[in-house]
Amino acid sequence: MAMIEIRDVNKWFGRFHVLVDCTSAVDKGEVVVVCGPSGSGKSTLIKCVNGLEPFQKGEIHVNGISVGTAGTDLPKLRSHVGMVFQHFELFPHMTVIENLTIAQEKVLGRGRDAARDKGLSLLDRVGLTEFADKHPGQLSGGQQQRVAIARALAMDPICMLFDEPTSALDPEMIGEVLAVMQDLARDGMTMMVVTHEMGFARNVAHRVIFMDQGRILEDATKEEFFGTPRSERAQTFLSKILSH
Amino acid sequence: MGPFDYTVLVPSLPFLWTGLQFSVHLTLIAMSGGIVLGTLLALARLSGPKPLSTASAMYVDLMRSIPLVMVILWFFLVIPLIIGKPVGAEYSAIITFTAFEAAYYSEIMRAGIQSVSKGQAMAGYALGMTYGQNMRLVVLPQAFRNMLPVLLTQTIILFQDTSLVYAIGAKDLLKAADIAGKNYNRPVEMYLFSAVIYFVICFSLSALVKRLQKRYAVLR
Amino acid sequence: MGYNWHWGIYFDKIKGGEETYLSWLITGFGWTVAISLCSWIIALVLGGLIGTVRTTPRRWAVRLGDAWVELFRNIPLLVQFFLWFFVVPELLPEKLSLWVKQEMPAKEFITATVCLGLFTSARIAEQVRAGILSLPRGQRLAGLAMGFTLPQTYRYVLLPMACRIILPPLTSEFMNVFKNSSVAFAIGVLELTFQARQMQEDSEQGIETYLAVTVLYFICAFVANRMMVWIENRTRVPGYITAAK
Ligand SMILES: Nc1ncnc2c1ncn2[C@@H]1O[C@H](COP(=O)(O)OP(=O)(O)OP(=O)(O)O)[C@@H](O)[C@H]1O
Ligand SMILES: [Mg+2]
């Protein structure tokens with residue numbers, strides 16, 4: 001059974017049709033990269049997966065639980081779907097370690113010490129132990145994003161969603177964040193990643209989804225996608241992005 | 001007192017109208033005077049010689065930290081002492097509100113002047129303008145334009161504040177309603193009615209300011 | 001016009017009484033502080049609640065909050081005092097109305113506190129709303145994405161930051177409460193402004209009277225300001241740049 005299953009999803013913002021008949025799936029342990037031009041609906045699609053955006057038609061199941069159905073315990077579902085944002089979205093008034101423990105305590109009901117131990121071990125994993133008692137505003141962008149990934153991991157997620165995790169970063173910081181994500185992938189985490197980092201896609205992804213104007217135009221294995229994309233749009237997009 | 005009786009409103013309308021006229025006059029005079037005086041205060045503070053700048057800052061801060069009612073009482077007491085003869089509550093109110101609102105308008109104009117980029121003033125000087133020309137022709141028009149919604153909002157507050165002339169017995173809308181209420185022995189209806197008038201005027205004006213602000217947001 | 005200065009006036013006895021004018025001023029100061037602090041608490045609680053509600057996805061609650069703010073913002077405070085004092089008791093059921101008019105203890109004080117509290121709550125609601133809306137949209141999403149419920153997201157993520165952001169405008173609002181409490185003289189609360197007018201008439205030493213009262217208002221404003229700045233410094237977030245004061 002697929003970890004994330006997206007079937008015929010349609011979404012409108014008012015009269016604007018953002019997502020058109022989107023269908024795809026992410027298997028357990030699979031890494032799927034979503035790419036496409038700006039405004040094509042990538043962020044919207046990924047936010048639909050954990051119910052941050054409602055959608056009007058179609059179905060999304062995460063680990064067998066339907067997201068769009070009324071009555072689904074969304075907070076509970078989200079608590080084990082990790083999400084990483086373009087602008088990190090750490091909570092600025094809490095220290096780094098508090099960022100990592102607050103939801104463990106308040107959502108999962110873990111004890112203080114257990115939460116703190118878990119948080120510290122994850123900070124160690126992303127190489128930021130010495131920043132535990134700093135505030136996010138005192139960290140660089142790359143460090144903040146690594147903390148954000150650790151914060152998501154602290155909830156023991158069954159899968160992770162990334163929305164352009166490196167596009168707000170200075171070039172010299174992109175590498176450190178991608179390295180953390182690469183490690184995660186190698187450990188078998190199920191990941192859905194919106195990114196324009198084609199190097200990451202080539203090295204780590206199993207499949208690539210290409211979106212344009214709200215439609216999924218390509219949904220292929222990495223080899224197929226980088227070999228000969230079937231749609232013209234994807235070819236133009238790729239040539240533009242790779243020539244950078 | 002018995003159930004509400006709104007028939008008393010009709011005969012008192014002319015009287016209330018006179019009161020409302022005074023409220024509006026007071027607002028308009030204090031607005032024009034206050035903006036002119038306030039702009040001068042802001043200029044003195046921003047680019048005047050040190051003593052003038054300090055004096056301006058002190059005046060503004062003083063006015064802004066005393067309750068308006070106290071300022072009204074102060075002026076009503078002190079003006080006759082200075083000019084040597086009693087003045088009517090209405091004249092006293094006009095002087096008070098102009099002087100008081102100048103402090104608030106001055107803060108708005110100061111922010112407005114500072115919102116105009118340094119480059120604009122530079123460009124003016126580069127064209128050979130004097131300080132006065134530069135302010136009058138380049139900086140102040142832009143400052144005024146940028147701050148128009150805020151100036152108008154302050155004026156709505158000013159209009160509401162004029163009701164405080166009650167403290168010295170000047171006959172504005174509220175005082176008129178007060179008197180009419182006593183004459184007809186219907187204070188409840190009269191207070192309610194004056195509240196409705198104030199609300200309708202202020203609500204419509206602030207709706208207008210909101211629309212203006214939206215237009216500005218697009219223009220920027 | 002001549003003016004007879006008499007700086008000892010504060011210690012003189014009032015006409016036909018045993019108290020000194022100073023005791024009038026002290027009473028006035030006490031009532032001013034009492035009304036201001038009590039209505040400030042009402043305003044914080046209600047304003048915080050209404051301001052927060054106005055940022056939720058609940059349409060009807062947002063409308064209600066908007067109406068609340070518009071209502072209290074577009075009627076002069078003095079008129080509101082009259083409404084609460086003269087009009088509202090008439091709208092109550094007969095028995096309650098009679099009780100309020102004839103028996104309610106500290107009628108002026110309670111009326112003034114409720115009036116000023118609700119008036120200020122509308123202004124605080126506006127600031128709280130602006131504070132929450134000024135946070136990046138992603139903060140709300142990040143809270144929800146971690147499994148927080150909407151109330152938890154407000155409690156742990158949005159409100160703590162919003163409160164810090166609105167501290168400077170709240171400071172001036174706190175100072176405003178003291179200034180606005182002066183309007184309560186009109187319904188006969190024995191606060192500073194009431195005492196100022198009474199002492200002025202009784203002693204005919206207007207300047208000395210108003211000067212003392214003005215100084216007392218200054219003290220209120222100053223202490224209020226220091227308190228808020230102290231809170232601001234205590235809650236400052238390291239590395240987070242707030243707008244310069
Ligand atoms: N809340 C909203 N209301 C109305 N339209 C929206 C909203 N959010 C997004 N849109 C529109 O939906 C479209 C898709 O937005 P989305 O953010 O999903 O694009 P994207 O593929 O992530 O683009 P980018 O690469 O720029 O992040 C865009 O045209 C955007 O303007
Ligand atoms: Mg996006």
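The values are calculated or read from the model by the stated rules, or taken from the named source; none is laboratory data. Because the structure is predicted, anything quoted here is derived from the model rather than measured. Cβ coordinates were reconstructed from backbone atoms using ideal geometry, including for glycine residues, and neighbour counts include every protein chain displayed. Only protein heavy atoms, including side chains, enter the accessible area calculation; ligands, DNA and RNA are left aside. Shrake-Rupley method; radii C 1.70, N 1.55, O 1.52, S 1.80 Å.
Heavy-atom accessible area per residue, chain A, 1.4 Å probe: how many Å²?
Numbers: 10450 Å² over 244 residues.
Each residue of chain A exposes 43 Å² on average to a 1.4 Å probe.
Can you tell which of A:10, A:214, A:45 lies farthest toward the positive end of the dipole of chain A, using +1 and -1 charges on the Cβ of basic and acidic side chains (Lys, Arg; Asp, Glu)? Comparing the listed Cα positions along the dipole, A:10 ranks first.
Taking the longest Cα principal axis of chain B as reference, the axis of helix B:50-65 is set at about 30 degrees.
Peptide A:26-37 is shielded by partner chain Cβ atoms: per residue, an average of 0 of them sit within 10 Å of its Cβ. Ignoring ligands, DNA and RNA, what percent of the 1.4 Å accessible area of the protein assembly as shown is carbon and sulfur? Here it works out to 61 percent.
Please report, in debye to the nearest 20, how large the charge dipole of segment B:6-219 is about its Cα centre when each Lys and Arg carries +1 at its beta carbon and each Asp and Glu carries -1 there.
Values: 16 positive and 8 negative charges, 116 e Å.
Around 560 debye, computed over segment B:6-219.
Pop the C-beta distance of residue C:13 and residue B:148 into the FRET formula with R0 = 45 Å and round what comes out to the nearest 0.05. After rounding, the FRET efficiency stands at 0.25. Report summary: the helix-based calculation at 222 nm, which adds -39500 (n - 2.57) for every DSSP H run with n ≥ 4 and divides by the residues of the protein assembly as shown, gives -20000 deg cm²/dmol.
Wrap a convex hull around the Cα atoms of segment C:171-221, take a quarter of its surface area, and give that in square nanometres. Dividing the Cα hull surface by four gives the mean projection, 3.4 nm². Put simply, the amide H of residue A:25, placed in the peptide plane, has neighbours under 5 Å in A:6, leaving out anything fewer than 5 places away on its chain. Suppose we compare each residue of segment C:176-190 in its chain alone and in the full protein complex with a 1.4 Å probe; which ones drop by at least 30 Å² of accessible area? The answer is C:179, C:185 - residues whose exposure falls by at least 30 Å² when every protein chain is included. What FRET efficiency comes out for the pair residue A:113/residue A:158, r = Cβ-Cβ distance, R0 = 25 Å, nearest 0.05? It comes to 0.55.
Distance distribution P(r), chain B, all Cα-Cα pairs, bin width 5 angstrom from 0: 1, 7, 12, 14, 15, 14, 12, 9, 6, 4, 2, 1, 1, 0, 0 percent. Compare C:224, C:122, C:67 in a GNM of chain C, Cα atoms joined below 10 Å, and give the one with the largest fluctuation. Of C:224, C:122, C:67, the Gaussian network model singles out C:67 as fluctuating most. Long hydrophobic helices in chain C: the complete DSSP H runs spanning 24 Å or more by Cα along their own axis with mean Kyte-Doolittle hydropathy of at least 0.5 are C:21-53, C:107-133, C:206-234. The label point for residue B:91 and the one for residue B:57, both projected 7 Å from the Cα toward the Cβ, are 3.7 nm apart.
For residue B:216, project a label point 7 Å along Cα to C-beta. Then give me every residue of segment B:108-122 with its amide nitrogen under 19 Å of that point. In segment B:108-122, the label zone of residue B:216 (backbone N under 19 Å from the point 7 Å along Cα→Cβ) covers B:108-118.
How long are the three semi-axes of the equivalent ellipsoid of the protein assembly as shown, in whole Å, if each is the root of 5 times an eigenvalue of the C-alpha gyration tensor, listed from largest down?
Details: eigenvalues 728, 171, 133 Å².
Largest first, the protein assembly as shown gives 60, 29, 26 Å.
I want the antiparallel fraction of DSSP beta bridges within the protein assembly as shown, as a percent rounded to 5. It would help to have the intermediate numbers written out before the result.
Values: 21 of 37 bridges.
Just about 55 percent of them are antiparallel.
Across the options C:189, C:106, C:62, the greatest Cα extent toward the positive end of the charge dipole of segment C:13-243 (unit charges at beta carbon of Lys, Arg, Asp, Glu) belongs to C:62. Compared with its chain on its own, segment C:76-115 contains the following residues whose accessible area drops by 10 Å² or more in the full protein assembly (probe 1.4 Å; ligands, DNA and RNA excluded): C:76, C:78, C:79, C:82, C:83, C:86, C:87, C:90, C:91.
Contact with the other protein chains removes 40 Å² or more of accessible area, compared with the isolated chain and a 1.4 Å probe, from these residues of segment B:53-70: B:65, B:67, B:69, B:70.
Count charges around residue B:189 for me, please; just the other residues with Cβ under 15 Å from its Cβ, Lys/Arg as +1, Asp/Glu as -1. Before the final figure, lay out the partial values.
On the way: positive: B:182, B:186; negative: B:5, B:178, C:90.
In short, -1.
For residue A:84, what charge total do you get from the other residues with a beta carbon under 12 Å from its beta carbon, if Lys and Arg give +1 and Asp and Glu give -1?
Details: positive: A:146, A:151; negative: A:89, A:163, A:164.
Around residue A:84, the charge tally is -1.
Axis angle, to the nearest 10 degrees, between helix B:187-219 and the longest C-alpha principal axis of chain B: 20 degrees. For segment B:76-220, the per residue solvent-accessible surface stands at 49 Å², with DNA, RNA and ligands left out and a 1.4 Å probe. Express in whole angstrom the spacing between the alpha-carbon centres of segment C:4-69 and segment A:92-117. Rounded to whole Å, the Cα centres lie 41 Å apart. Residues in segment C:5-10 carry Karplus couplings, in order, of 6, 7, 6, x, 3, 4 Hz; the curve used is 6.51 cos²θ - 1.76 cosθ + 1.60 with θ = phi - 60°, and Gly or Pro positions show x. Annotation note: chymotrypsin sites (Phe, Trp or Tyr not before Pro) in segment A:118-201 located in DSSP loop regions with a Cβ neighbour count of at most 12 within 10 Å are absent. Specify whether the C-alpha gyration tensor of segment C:13-243 places it in the rounded, prolate or oblate class, a ≥ b ≥ c being the square roots of the eigenvalues: rounded for a/c under 1.5, otherwise prolate if a/b is larger than b/c and oblate if not. Oblate, because a/c is 1.5 or more while a/b does not exceed b/c. Considering only C:153, C:120, C:211, whose Cα is most displaced toward the positive end of the charge dipole of segment C:13-243, charges sitting on Cβ of Lys, Arg (+1) and Asp, Glu (-1)? After comparing all options, I get C:153. Considering only A:97, A:149, A:174, the Gaussian network model of chain A with Cα springs below 10 Å gives its largest mean-square fluctuation to A:174.
Let me check something: with ligands and nucleic acids excluded, how do B:125, C:217 order by accessible area (1.4 Å probe), largest to smallest?
On the way: B:125 105, C:217 5 Å².
Per-residue accessible area, sorted high to low, gives B:125, C:217.
Percent relative contact order of segment B:6-219, based on C-alpha pairs within less than 8 angstrom and at least six residues apart? Walk me through the numbers before you get to the answer.
Values: 227 pairs, mean separation 62.5, N = 214.
29 percent.
For segment A:36-63, the residues whose amide N sits under 12 Å from a probe point set 7 Å from the Cα of residue A:12 along the beta carbon direction are A:56-57. For the segment B:195-204, counting C-beta atoms of other chains within 10 Å of every residue's C-beta and taking the mean gives 4. Here the label points at residue B:114 and residue A:231, each 7 Å from Cα along the C-beta direction, are separated by 5.1 nm in the simple model. Across segment B:141-146, computed HN-Hα scalar couplings (Karplus, 6.51 cos²θ - 1.76 cosθ + 1.60, θ = phi - 60°) run x, 5, 4, 4, 4, 4 Hz from first to last residue, x flagging Gly and Pro. What net charge do the residues around residue C:60 carry, taking every other residue with its C-beta under 13 Å from that of residue C:60, with Lys and Arg at +1 and Asp and Glu at -1? Around residue C:60, the surrounding residues sum to +3. I need the P(r) histogram for segment A:1-116: all alpha carbon pairs, bin width 5 Å from 0 out to the longest distance, whole percents. Reading the bins upward from 0: 2, 10, 18, 20, 18, 15, 10, 6, 2, 0.
Using R0 = 60 Å, the C-beta based FRET efficiency linking residue B:208 and residue B:81 works out to 0.90. Here's how it looks for residue A:211: its modeled amide H is under 5 Å from those of A:35, A:36, A:217, which are all 5 or more places away or on a different chain. Simple spin-label estimate for residue C:92 and residue C:26 gives 3.3 nm between the two label positions (7 Å along the Cα-to-Cβ direction from each Cα). Amide hydrogen proximity for residue A:68: with H placed 1.01 Å from N in the peptide plane, the residues at 5 or more positions away or on another chain lying under 5 Å are A:60. Per-residue 3J(HN,Hα) values for segment A:104-115, derived from phi via the Karplus relation 6.51 cos²θ - 1.76 cosθ + 1.60 with θ = phi - 60°, read 4, 6, 7, 9, 8, x, 6, x, 3, 5, 4, 4 Hz in sequence order (x marks Gly and Pro).
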